[in-house]
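Pasting a structure below so you can have a look.
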Amino acid sequence: MEQIATQVSFPGMGLEFHVNRVAFQLGNIPVYWYGILIALGFILAILYVNRRAKEFGVDADRMLDVIIGGAIGGVIGARAYYVLFRWEYYGQNLDQILNTRSGGMAIYGGIIGGLLCGILMCKLRKVKAFPAVDLAAGGFLIGQAIGRWGNFVNIEAFGSNTSLPWGMSSESITSYLSAHEAELEALGMSIDPNMPVHPTFLYESLWCLLGFAVIAWYTKRRKFDGELILLYLIWYGAGRTVIEGFRTDSLMIPNTSLRVSQVLAATIVIVGVILWVYKRAKVKKKGVHLFVDSEEGQMILAGNFYPKKKAAKTQADSAEMPSEKTDSEKAVPSAESEPQTNEQENFPGNEAAEQQETEVSEDVSSEE
């Protein structure tokens, strides 16, 4: 079995762990804890979404298609985002772009890609987008809270030095900080490779877990469709703005000392708060109108909307089908649609037939 084990300690708390990136092997194929944890988060997110779908007027089966499409888009977006901001390396190593086993997935790229593909799937599967992304907001936070522990197993996504009791240490951390000490000092971070560091993966995991609790509690109190996804973006963005400042592996905006995710997170928080305040003011004037309470939403919950919509479409398609006759059908009059006229008596050959009938009748009379 492939061994990629290392030791992680929390000196201030007297804790020490031996972690191995590989959970088990299938033949010669290693199965990593990171993938298992991501899959676990995904499954729990699906269970949560399925359980609460009715509260949003969303068909659970169709929502599953949306989630799967969003997950695929999330993986593609996460990798594309990372590669884009590390292009100085990947531009010279194109064969490594698809090599995700070496790391390199950015959560904000995953969120962007997941939302875009999820909305596209909503359109394809005839699911209302705002209720769907509201429903997915809680699922996002579940997946992120669990997935961040994959960073712990990989000994990555840690921060700068700290003297707090929960500071973590590892040989791999010391090695990484020693290799990047000058680079980090250029960003204004004074680094001692032998000192404990912030477990930023843990900070983000706990922040997402708390955010999930808030979203789950607020679901029954939401005032408009799209409110929960806004609150998710605000909540996660606020936490990421702070936590990203501790990270020692941040993606940087080229030729600047600005962290990509920190700038993006802060921008999203500002825009999200403005939109939330605006929408709340609008709701205060016009009242609460959630999709789940509409006629369509109630029909979906009753299981009547999509069958009726399909039947109506079939009927409309049948009505639009052209009823055209061929040239031969137009040339031959229909016995049902056109009554027979005396013109048929004048058809060529009718006079000879009548004369023959008269002669036969006279012969019969003479015999009698």
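The numbers here are math on the coordinates, done by the rules we state, and not lab data. Fair warning: this is a prediction, and the values are worked out from it, not measured in the lab. Note that we place each Cβ from the backbone using ideal geometry, even for glycine, and neighbour counts take in every protein chain shown.
Would you mind computing, in nm to one decimal, how far apart the modelled labels at Asn20 and Val263 are, each placed 7 Å from Cα along Cα→Cβ?
Placing both labels 7 Å along Cα→Cβ, they lie 4.3 nm apart.
While we're looking at this one, here's another question. Most mobile of Thr256, Thr267, Thr241 per a Gaussian network model of the chain (Cα springs, under 10 Å)?
Comparing Thr256, Thr267, Thr241 in a Gaussian network model of the chain, the most mobile one is Thr256.
With the dipole of the stretch 106-175 worked out from charges on the C-beta (+1 for Lys and Arg, -1 for Asp and Glu) around the Cα centre, which of Trp149, Gly113, Thr162 lies farthest toward the positive end?
My answer, from the dipole projection, is Gly113.
Can you compute the FRET efficiency between Val31 and Ile97 using 1/(1 + (r/R0)^6), with r the Cβ-Cβ distance and R0 = 30 Å? Round to the nearest 0.05.
Working: r = 23 Å, r/R0 = 0.77.
That gives a FRET efficiency of 0.85.
Give me the one-decimal nm value for the distance between modelled label points at Ala319 and Ser190, 7 Å along each residue's Cα-to-Cβ direction.
Each label point lies 7 Å from its Cα, and together they span 7.9 nm.
Subtracting the Cα-Cα distance from 0.36 nm times the residue separation, let me have the gained length for Leu164 to Leu275 in nm, one decimal.
On the way: separation 111, 0.36 × 111 = 39.96 nm, distance 3.73 nm.
Separation in residues times 0.36 nm, less the Cα-Cα distance, equals 36.2 nm.
Taking the 0 to 90 degree range and rounding to the nearest ten, how far is the long axis of helix 60-84 tilted relative to the main principal axis of the chain, both from C-alpha atoms?
50 degrees
Another question about this same structure. Please tell me which of these pairs span more than 20 angstrom C-alpha to C-alpha: Lys286/Lys309; Lys54/Lys282; Lys128/Lys223? Spell out each step's value before the answer.
On the way: Lys286/Lys309 30 Å; Lys54/Lys282 25 Å; Lys128/Lys223 17 Å.
Lys286/Lys309; Lys54/Lys282, as the Cα separations exceed 20 Å there.
Most fluctuating residue of Gly104, Gly35, Gly27 in a GNM of the chain with Cα springs under 10 Å: which is it?
Largest GNM mean-square fluctuation: Gly27.
Arranged by the count of other C-beta atoms within 10 angstrom, fewest first, what order do Leu47, Leu187 take? Could the numbers behind the result be given before it?
Numbers: Leu47 12, Leu187 15.
Placing the least packed residue first, the sequence is Leu47, Leu187.
Related question: Please find the FRET efficiency linking Asn255 to Ala182, where r is the Cβ-Cβ separation and R0 is fixed at 22 Å, and quote it to the nearest 0.05.
On the way: r = 18 Å, r/R0 = 0.80.
About 0.80, to the nearest 0.05.
How far apart, in nm, are the 7 Å Cα→Cβ label points at Asp65 and Ala312?
Distance between the two pseudo-spin positions: 1.8 nm.
Among Ser172, Ser178, what is the fewest-to-most ranking by other Cβ atoms within 10 Å?
Working: Ser172 15, Ser178 12.
The most exposed by this proxy come first: Ser178, Ser172.
Could you tell me the relative contact order of the chain? Use alpha-carbon pairs under 8 Å, at least six residues apart, and round to a whole percent.
Details: 472 pairs, mean separation 63.5, N = 368.
In percent, rounded to a whole number, it is 17.
Follow-up question, since we're still on this one. How would Tyr48, Tyr236 line up from fewest to most surrounding beta-carbon atoms within 10 angstrom? The partial results should precede the final answer.
Values: Tyr48 19, Tyr236 25.
The fewest-first ordering by Cβ neighbours comes to Tyr48, Tyr236.
Hey, another quick one. Below 8 Å between Cα atoms, with a sequence gap of 6+, how large is the relative contact order for the stretch 172-236 in percent?
Values: 24 pairs, mean separation 16.0, N = 65.
RCO, the stretch 172-236: 25 percent.
Please give the charge dipole size of the chain, origin at the Cα centre, charges +1 on K and R Cβ atoms and -1 on D and E Cβ atoms. Round to the nearest 20 debye.
Here the chain has a charge dipole of around 4320 debye.
Can you tell me the dipole magnitude for the stretch 62-178 around its Cα centre, using point charges on the Cβ only (Lys, Arg +1; Asp, Glu -1), in Debye to the nearest 20?
Around 580 debye, computed over the stretch 62-178.
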